[in-house]
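Okay, structure first, notes after.
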Amino acid sequence: MGFWATNDGVFARALAPACALGAALTLGACVEAANDAAAPTLAHRQIERREGVSLAPATVAIVSVAGAPDAVAASFLQELTRDARAREIVLVEPRKARYLVRGYLSAAATTDGATLEYVWDVFGPDKRRAQRLNDVISVKGVGDDPWAIAGEGALDSVAAKSADDLAAFLSNTPDAKPIAAAVGATEPTTTATAMGYAPVQ
């Protein structure tokens, strides 16, 4: 069975808005996704980041992170925010965002440690889901609490992978604009005339 199919009850109970960018944000009625929890998790597919484009127009709001204990979710969200900004993702409040992102973290104990799974649903300007980003990482360790086994290091890795995936997706959206075109529009070049003089401004 898929991840969402086996955890939809947990997801529904846990999907309370997390603190994003230092404030409590809620997705509210802006996203209609009643059937998302039942959708199966697809195998991870690496999206290649398109070079030479600016992500600035593709503004993002992270509206929720569910599934993890509150303290873990808050710390993870801070790290994700730093990683997203380091990858030139512009984070804004939901009413100003082109893309709304909600996520789910899951930790499960294994025979030799734990696994951490993340799922991010990205909703476009039409408020429909445009992309699902997901992956699983394994961590070696001993103990009864998979979150404790995973620890801060593994969660930081998940935050970095999440930011990479999100940046790659955004770079392939119509909102991402070529950097060269933007520079050319704002920085006029001076061309010489046949006599070797610059044109009069």
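Against the compact-protein benchmark of 2.2 N^0.38 Å, the Cα-based radius of gyration of region 138-179 scales to 1.74. Give the cross-link partners of Lys177 among the aspartates and glutamates, using a straight C-alpha distance below 17 Å as the criterion and excluding same-chain residues fewer than 8 apart. Within reach: Glu48, Glu51, Glu88, Glu187. Basic side chains Lys and Arg get +1 at the Cβ, acidic Asp and Glu get -1 at the Cβ, and with that the dipole of region 51-93 about its Cα centre reaches some 40 debye.
Taking region 56-121, how much of its Cα-Cα pair set, in percent, is spaced more than 14 angstrom apart? I get 63 percent for the Cα pairs in region 56-121 exceeding 14 Å.
Throughout, read-outs are computed from the coordinates displayed, never taken from laboratory work. Here the structure is a predicted model, which is why all the values come from computation and not from measurement. Cβ sites come from the backbone with ideal geometry, for glycine too, and all protein chains shown count toward neighbours.
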